[in-house]
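Enquirer: One structure, as structure tokens, below. Some questions next.
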Amino acid sequence: MAHNKALNAEFAAFAAGLDTAAVKMIASGEAIMKYPGTVLLAQMGLIPEPAPPSSSSPDPSPAAALVQKTQFEPFSLLDNACGPGLIAGVLQEELPKDVLAKSRVLCADVNGNLVDILKQRASIEGWVGVETAVLDAQNPGLPENSFDYSTVNFAMHIIPDPDAVLTATKSLLKPNGVIGITTMHSTTKGWTDDLLAALSSLSSSSSSSAPPILSFTPEPPLPAKIPMTVNNRPEWAEADGVRDQLEAKHGFEDVRVRLLPHKSACLSGADAVERFGMMVRMVTGTYWSDSTRSRVEAELKEKGEEGGLLGYVERFLDQRHGGQAWELEWTMVVATGRKPGP
């Protein structure tokens, strides 16, 4: 899919090492996904329920842990679509080192560049009990009944065949093993409203006397709302849809699904572009042709926008928000289920 190709191209930029760009990518991801990932691990019974960060709204429907524990015990966990290691990082922060040393956390992603970043991060930060592999979550090729837990953190709305992921996960989990999933809910605004406003302003007048920025209207037009699922599986952006997939379609038991509101801060237009520039390129790469993108960049530079499209978006957002910081609002789906036991 176009979205996946665009993402892979972006991640390839970080292949050379854990440089400043990679560090910023990790920090940006954690600002949005760390708290929901922590909530997920708590709901799975691996760590205590976290207090919401100061920038988040209280969770209106906290769910009890699927597996109740009175003390930490060694475990095995597969983190599918692991990215640069958000789930593993939370486990390293929350669990005792002696428990981690006796545990197995396999971080797997189909993108080898991200796995390389995770390896370097694990080495730099002294992670314990972590292994890495380049694997496709849709067909990981791992032994049956080999893991106590499996997570898929913010990927089931992107992966082309989420059913294949659930089938494989159910196979590799031990009896009574626990799956944990997070996705973006369909009502999430996040960065999308700002981005659509910025891109739409290119071909519309800011006042009755000011001409549009561009001499043409990019085609095809952008959607009125950017969908949260890019794999044509809208059920993965709905709580009921996720529940149905886990419970009715794939036979997981004790399925628990909740919506988690969350906020993250943008300090300025430059901060927003630094955090979400990849998304600007992903969206324009998905909806606009190569020739359209080239023409947009060329016209912006002709008009003195040396930073091209990203520079324009940065300046637009500063104007839109009056030069002040602002908050991005997210709604996450957090879901867990248990593989039937004997």
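No lab work stands behind these numbers, since they all come straight from the coordinates. Every value quoted in this text rests on a predicted model; they were computed, and no experiment measured them. Counting neighbours? That spans all protein chains shown, and the Cβs are built from the backbone with ideal geometry, glycine included.
Enquirer: In percent, how large is the relative contact order of the chain, given Cα pairs closer than 8 Å and 6 or more residues apart? Walk me through the intermediate numbers first.
Expert: Numbers: 604 pairs, mean separation 74.6, N = 342.
Reported as a whole number, the value is 22 percent.
Enquirer: By how many nm would the segment from Ser294 to Ser268 grow when fully extended, if each residue of separation counts as 0.36 nm and the alpha-carbon distance is taken off? Numbers along the way, then the final one.
Expert: Numbers: separation 26, 0.36 × 26 = 9.36 nm, distance 2.62 nm.
Contour length minus Cα-Cα distance gives 6.7 nm.
Enquirer: So who's got an amide H within less than 5 Å of the one on Ser146, skipping anything under 5 residues away but keeping other chains? H placed 1.01 Å off N, in plane.
Expert: Leu173, Lys174
Enquirer: Within region 264-342, list the GluC sites (Glu not before Pro) lying in a DSSP loop whose Cβ has at most 11 other Cβ atoms in a 10 Å radius. Display every interim value, and only then the final one.
Expert: Numbers: sites: Glu274, Glu297, Glu299, Glu302, Glu305, Glu306, Glu314, Glu327, Glu329; in loops: Glu305, Glu306.
Listed in order of number, the matching sites are Glu306.
Enquirer: Further, regarding this structure: To the nearest 0.05, how large is the calculated FRET efficiency for Thr167 and Val134 if R₀ is 25 Å and r is the Cβ-Cβ distance? Present the calculation step by step, with values, prior to reporting the outcome.
Expert: Working: r = 20 Å, r/R0 = 0.81.
Efficiency, from the Cβ-Cβ distance: 0.80.
Enquirer: Between Phe72 and Lys303, with labels modelled 7 Å along Cα→Cβ, what's the label distance in nm to one decimal, could you check?
Expert: 5.4
Enquirer: Something else about it: Can you list the GluC sites (Glu not before Pro) in region 105-179 that are in a DSSP coil and have 12 or fewer other beta carbons within 10 angstrom?
Expert: Values: sites: Glu125, Glu131, Glu144; in loops: Glu144.
Listed in order of number, the matching sites are Glu144.
Enquirer: Report the antiparallel proportion of the DSSP beta bridges in the chain as a percent, rounded to a multiple of 5. Walk me through the numbers on the way to the answer.
Expert: Values: 19 of 39 bridges.
Restricted to the chain, the bridges split so that about 50 percent are antiparallel.
Enquirer: Which one, Gln138, Thr284, Gly112, projects farthest toward the positive side of the charge dipole computed for the chain from Cβ point charges (K/R +1, D/E -1)?
Expert: Gln138
Enquirer: If I take every Cα pair under 8 Å that is 6 or more residues apart in region 200-342, average their sequence separation and divide by the length, what percent do I get for the relative contact order? Could you put the intermediate results ahead of the total?
Expert: On the way: 156 pairs, mean separation 48.5, N = 143.
34 percent.
Enquirer: While we're on this one: Using the crude model of +1 on Lys and Arg Cβ and -1 on Asp and Glu Cβ, and no other charge, please compute the dipole size for region 203-281 relative to its Cα centre, in debye to 20. Intermediate values should be presented prior to the final figure.
Expert: Values: 9 positive and 10 negative charges, 42 e Å.
Computed charge dipole of region 203-281: roughly 200 debye.
Enquirer: Post the alpha-carbon centroid distance, region 211-275 to region 97-132, in whole angstrom.
Expert: So the two Cα centres are separated by 28 Å.
Enquirer: List the trypsin sites (Lys or Arg not before Pro) in region 270-337 that DSSP assigns to loop (not H, G, I, E or B) and whose Cβ has at most 15 other Cβ atoms within 10 Å. Which are they?
Expert: Numbers: sites: Arg275, Arg281, Arg293, Arg295, Lys301, Lys303, Arg315, Arg320; in loops: Lys303.
Taking region 270-337 and a limit of 15 other Cβ atoms within 10 Å, the loop trypsin sites (Lys or Arg not before Pro) found are Lys303.
Enquirer: What FRET efficiency, computed as 1/(1 + (r/R0)^6) with R0 = 30 Å and r the Cβ-Cβ distance, is obtained for Leu259 and Glu94, rounded to the nearest 0.05?
Expert: Numbers: r = 23 Å, r/R0 = 0.77.
For R0 = 30 Å, the calculated efficiency reads 0.85.
Enquirer: Bin width 5 Å, origin at 0, all Cα-Cα pairs of region 109-231: what percent of pairs per bin?
Expert: In whole percents, the pair-distance histogram is 2, 9, 12, 14, 14, 12, 10, 8, 7, 5, 4, 2, 1, 0.
Enquirer: Taking 0.36 nm per intervening residue step and subtracting the Cα-Cα distance, what contour gain separates Ala101 from His321 on full extension? Can you show the working numbers first?
Expert: On the way: separation 220, 0.36 × 220 = 79.20 nm, distance 4.73 nm.
Roughly 74.5 nm would be gained on extension.
Enquirer: In nm, to one decimal, how far is the modelled label at Lys174 from the one at Ser123, with both set 7 Å along Cα→Cβ?
Expert: That separation, rounded to one decimal, is 3.2 nm.
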